[in-house]
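The values are calculated or read from the model by the stated rules, or taken from the named source; none is laboratory data. These figures come from a predicted structure and were not determined experimentally. Every residue, glycine as well, gets a Cβ built from its backbone with ideal geometry; the counts of neighbours run over all protein chains shown.
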Amino acid sequence: MTDHSIAAIPSDQPLPADDPNRTLTVALPDDPAVPHISQAGNIYTVLISGAQTEGRYCLIDMLIPDGGGPPPHRHQFEEMFSLLEGELEFTFRGETQTIRAPASINIPANAPHRFANRSGRMAHMLCMCTPAGQEDFFLAVADRISDRQSSAPTPDAARQAEKKRLMQELAPRYRTEFL
C-alpha cells in the first residue's frame with residue numbers, strides 16, 4: 001500500500017511555517033453573504049472559494065431537484081462529492097449507477113461523467129474541486145439568486161440558448177469540456 005499523502009511533502013524538509021495572513025473560514029449555507037446561484041434549475045451555494053484557499057480547492061453546496069443535473073462533461077481537475085441527502089444516478093465513463101446518501105464519490109480528473117436526479121425528490125450534496133476554479137465558472141454562467149430557498153428562474157428559449165452558448169464559450173477557460 002502506498003501512502004500518497006506523504007509523497008506530496010518531501011520527508012527531508014520541515015513543514016512550512018503557519019501563514020498568519022490566512023484566516024479561519026466558517027461557511028454557512030444560508031448566509032446571505034455567500035453567493036447563491038441557479039444553474040439549469042440546480043441551486044448552488046459557493047461555501048469556500050479558491051480565493052479563500054489560495055486556489056487549492058473550492059467547496060460548493062448543491063441542491064439538485066428531481067430532473068436536475070449537468071450534461072455529460074469532464075474536467076481537468078479532481079471533483080469529490082459528498083451526497084448528504086437523497087439519491088442520484090452517477091454516470092462514470094459510460095456506466096451508470098444509483099448512489100444513495102450518505103456516500104462520497106470521487107471523480108478523477110479528465111474522466112467523463114454526469115449525475116442526474118431521477119428520484120422524485122430533492123438531493124443535497126457538497127462538491128469539492130481541487131484545484132479551485134469551478135466556482136468561478138458557475139458564477140460566470142449561472143443566475144444569481146438571493147438565497148438557496150429561492151426558486152430557480154425559468155428562462156425562456158432565447159435565454160436558455162444564450163446560457164448554453166456562454167457555457168460552451170467559457171468551458172475551455174475553466175478546464176471543462178462538454179461531451
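Some notes on this structure:
Here's the yes/no breakdown for (1) closer than 18 Å to residue 136 by Cα; (2) not acidic (Asp, Glu):
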| site | (1), (2) |
| --- | --- |
| 22 | no, yes |
| 39 | yes, yes |
| 47 | yes, yes |
| 51 | yes, yes |
| 56 | yes, yes |
| 76 | yes, yes |
| 79 | yes, no |
| 87 | no, no |
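- 3 or more residues under 19 Å from the mean Cα position of the chain (by Cα), surrounded by 15 or more Cβ atoms within 10 Å (Cβ to Cβ) and hydrophobic (A, V, I, L, M, F, W, C): qualifying strands (runs of 3 or more DSSP E) within region 119-179: 123-130
- Residues located in region 61-107, provided they are small (Gly, Ala, Ser) and either within 23 Å of residue 35 (Cβ to Cβ) or not in a strand (DSSP E or B) (or both): 67, 68, 69, 82, 86, 94, 101
- Pick from region 150-179, criterion touching a residue at least 12 places away in the same chain (Cβ under 8 Å) and of a type in the set (S, T, N, Q), ranking: nearest to residue 42 (Cα to Cα): 150
- Residue match in region 104-111 (condition: loosely packed, with under 14 Cβ neighbours inside 10 Å and under 18 Å from residue 47 (Cβ atoms)): yes
- The residues of region 35-48 that are in a loop (DSSP other than H, G, I, E, B) and at pLDDT below 95, listed by number, are 40, 41.
- Qualifying residue in region 86-98 (condition: in contact (Cβ under 8 Å) with a residue 40 or more places away in the chain and either closer than 27 Å to residue 28 by Cα or more than 12 Å from the chain's Cα centre (by Cα) (or both)): no
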